[in-house]
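A.B. asks: I'd like to ask you about the structure that follows.
The values are calculated or read from the model by the stated rules, or taken from the named source; none is laboratory data. On a predicted model such as this, the values are computed, not experimentally measured, just so you know. Note that we place each Cβ from the backbone using ideal geometry, even for glycine, and neighbour counts take in every protein chain shown.
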Amino acid sequence: MATEFTLPELGENIESGKVTSVMVAVGDTIEKDQPVIEIETDKAALEVPSPFGGTIKEVRVKEGQDIRVGAVVLVIEEGGGAAKAKPAQARKAEEPSAAKVQQAAEPVQEEPETAEEFDELAGPDESETPAPALRQAGAGPLAASPSVRRLAREIGVDVNQIAGSGKGGRVTPEDVKAYARRMNVDAGGVAPSGPAKPAAAAASPLPDFARWGEIERREMSTVRRRTAERLAHAWATIPHVTQFDKADVTGLEELRKRYAKQVEAAGGKLTVTAVLAKVAAAALRKFPQFNTALDFEHEQLVYKQYCHIGIAVDTDRGLLVPVLRDVDTKNLTQISVELTQLAERARTKKTTLEEMQGGCFTISNLGGIGGTAFTPIINAPEVAILGVSRNVVEPVYVNGEFHARTMLPLSLSYDHRVIDGADGARFLRWICEAVENPFLLFLEG
Ligand code: CAO
């Protein structure tokens, strides 16, 4: 017998909410009291369980939809016998996702359907798509409810790294808290030592701004939401140190002009970013601890034997970080051509998910816009990022005289759990010296 499951009373004075997650699909078999949707009201986010079990015949709600108490959520055939309901991510893993993600990555208004799609869409977050080696032996697709995922996000830990102790390996809130304690992140999202940092901006309640003047609310784009989550996570969990230095690029600027046409003929632009990508690749070889990921749970450092470099690209949709592959094996002309194409693809929304994954180190060049220095946030699970500011001609004192030299300000943020201050200073100094004297690349690169 088919029965309609309607949205029950949610609490005092709550008449409606927004569906933030639909956790079941037509054909799933569910058990009594199994959570089937998650909704967000202005007071709280709640998982709504079904009061009876059976096979789902119809799903009458969609993510993003506003729903009132009493509205039909599901039509359920009580009893029933089809396959058991799978976690959203398990269903997702069965879908031919590449085409779908590509399609969703196009206009911002095409909001993805699941939290997992947000992850895939905005990108280069290996921490959320862990390498098999980081998963528990025999672990299937991750089972964690949206509220557990949110808890993990707010605390600032990666839910994919947590071994679930619940039914069928489900990650429970207790698992998240225990993992956070092991990682030294307290449940308020604040590292126990050092300055307090908010884990997720969404966690703090806002005043009613309309009291002080006119306001307008706009939905965050997918890229913006994902960027906010990723940066909050990195900022809350990684102890950052930023080391500043300056490279004398007077000679490099002359060389860039001299060889610009040659690279242009090959289809690229010989930019300072391309040169820095080449130099950074050599630096990663010389200082391999900068090409690692920290696997805290297993108390290991993962040394990558490849060298892929992410380039922060400013686009209409927000910040994207497509990845240049095997930079250490390519010459500067190839890198320039690929970088030109990669930036163009990012700006014209053609970057695929694959092109935004697997980076080892990131370069963020804001020098085309201006600025003297900045403190970039590490693109986790990488352990360092190079920020580039605008070059400037300044007097430099050499051998008792001032000389006009073009100086490029560089900022290296690194994960202090993995990299000591002295190594951070050495790494950046080596980059400066290699930029000033490219022969060093032959000698040591
Ligand atoms: N100092 C002075 N001038 C610089 C410079 C620097 N550090 N970097 C670039 N420029 C100049 C270039 O020489 C070029 O000038 P011309 O047009 O006269 O040749 C101009 O700025 C534009 O550079 P470009 O964009 O063509 O090339 P690029 O390789 O230097 O930069 C890219 C490529 C993709 C890094 C850049 O376009 C970009 O998107 N930067 C923003 C990155 C970003 O948003 N970072 C923030 C992330 S963290 O929040």
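A.B. asks: Provide a single number: the residues in region 326-366 that are at pLDDT below 95, part of a loop (DSSP other than H, G, I, E, B) and surrounded by fewer than 22 Cβ atoms within 10 Å (Cβ to Cβ).
C.D. replies: 6
A.B. asks: Is it the case that some residue within region 136-144 is part of a helix (DSSP H, G or I), at pLDDT 75 or above and not assigned by TED's automatic domain parsing to the domain that holds residue 19?
C.D. replies: no
A.B. asks: Which residue out of 284, 319, 301 is farther than 19 Å from residue 343 by Cα and either assigned to a helix (DSSP H, G or I) or within 16 Å of the ligand (Cβ to nearest atom) (or both)?
C.D. replies: The conditions single out 284.
A.B. asks: Please enumerate the residues belonging to region 399-432 that are crowded, with 17+ Cβ neighbours inside 10 Å, out of contact with any Lys or Arg (no Cβ under 6 Å at 6 or more places or on another chain) and not hydrophobic (A, V, I, L, M, F, W, C).
C.D. replies: 405, 406, 411, 413, 414, 415, 424
A.B. asks: State which residue pairs qualify: first residue assigned by TED's automatic domain parsing to the domain that holds residue 310 and inside region 269-285, second residue β-branched (Val, Ile, Thr) and away from the ligand (no atom under 13 Å from the Cβ) in any location, beta carbons under 7 Å apart, and separation of 6 or more residues or different chains.
C.D. replies: Close Cβ pairs (under 7 Å, with a partner that is β-branched (Val, Ile, Thr) and away from the ligand (no atom under 13 Å from the Cβ)) amount to 277/327; 278/327; 279/431; 280/431; 281/327; 283/431.
A.B. asks: Here's something else I'd like to know. Is it the case, given these coordinates, that residue 366 is out of contact with any Gly (no Cβ under 6 Å at 6 or more places or on another chain) and more than 15 Å from residue 249 (Cβ to Cβ)?
C.D. replies: Judged against the criteria, residue 366 is a match.
A.B. asks: Just checking, which of 268, 310 is in a strand (DSSP E or B), within 12 Å of the ligand (Cβ to nearest atom) and surrounded by 15 or more Cβ atoms within 10 Å (Cβ to Cβ)?
C.D. replies: Checking each option against the conditions leaves just 310.
A.B. asks: Would you check if residue 276 is assigned to a loop (DSSP other than H, G, I, E, B), within 11 Å of the ligand (Cβ to nearest atom) and hydrophobic (A, V, I, L, M, F, W, C)?
C.D. replies: no
A.B. asks: Being within 24 Å of residue 158 (Cβ to Cβ) and either assigned by TED's automatic domain parsing to the domain that holds residue 425 or acidic (Asp, Glu) (or both) narrows it down to one residue among 393, 398, 321; which is it?
C.D. replies: 321 is the lone residue from the list that is within 24 Å of residue 158 (Cβ to Cβ) and either assigned by TED's automatic domain parsing to the domain that holds residue 425 or acidic (Asp, Glu) (or both).
A.B. asks: Moving on to the next point. Would you check if residue 25 is modelled with pLDDT under 85, under 18 Å from residue 146 (Cα atoms) and in the same structural domain as residue 60 (by TED's automatic domain parsing)?
C.D. replies: It is false that residue 25 is modelled with pLDDT under 85, under 18 Å from residue 146 (Cα atoms) and in the same structural domain as residue 60 (by TED's automatic domain parsing).
A.B. asks: While we're on this one: Confirm whether residue 253 is within 15 Å of the ligand (Cβ to nearest atom) and either surrounded by fewer than 20 Cβ atoms within 10 Å (Cβ to Cβ) or in a loop (DSSP other than H, G, I, E, B) (or both).
C.D. replies: yes
A.B. asks: Count, please, the residues in region 401-416 that happen to be more than 13 Å from the ligand (Cβ to nearest atom) and either at positive phi or of a type outside the set (A, V, I, L, M, F, W, C) (or both).
C.D. replies: Adding up the residues that qualify gives 6.
A.B. asks: A further question follows. Please go through (1) within 12 Å of the ligand (Cβ to nearest atom); (2) in contact (Cβ under 8 Å) with a residue 60 or more places away in the chain; (3) not hydrophobic (A, V, I, L, M, F, W, C) for residue 390 and return the number of the only condition it doesn't satisfy.
C.D. replies: (2)
A.B. asks: Would it be correct to say that residue 429 is within 13 Å of the ligand (Cβ to nearest atom), among the basic types (Lys, Arg) and closer than 23 Å to residue 255 by Cβ?
C.D. replies: No.
A.B. asks: How do the pairs read when you match residues in region 370-382 that are without any contact (Cβ under 8 Å) to a residue 40 or more places away in the chain with residues anywhere that are outside any loop (DSSP other than H, G, I, E, B) and more than 9 Å from the ligand (Cβ to nearest atom), using Cβ under 7 Å and keeping only pairs 6 or more apart or on different chains?
C.D. replies: Short answer, once both residue conditions are applied: 374/411.
A.B. asks: Which numbered condition in (1) at positive phi; (2) touching an Asp or Glu at 6+ places or on another chain (Cβ under 9 Å) is the only one that residue 289 fails?
C.D. replies: Of the numbered conditions (1) at positive phi; (2) touching an Asp or Glu at 6+ places or on another chain (Cβ under 9 Å), the odd one out for residue 289 is (1).
A.B. asks: Given the conditions (1) within 15 Å of the ligand (Cβ to nearest atom); (2) at pLDDT below 95, and given that residue 398 satisfies all but one, which numbered condition is not satisfied?
C.D. replies: (1)
A.B. asks: Another question, then. Here's a check for you: in region 212-236, which residue that is among the β-branched types (Val, Ile, Thr) and surrounded by fewer than 20 Cβ atoms within 10 Å (Cβ to Cβ) is farthest from residue 317 (Cα to Cα)?
C.D. replies: By that ranking, first place goes to 215.
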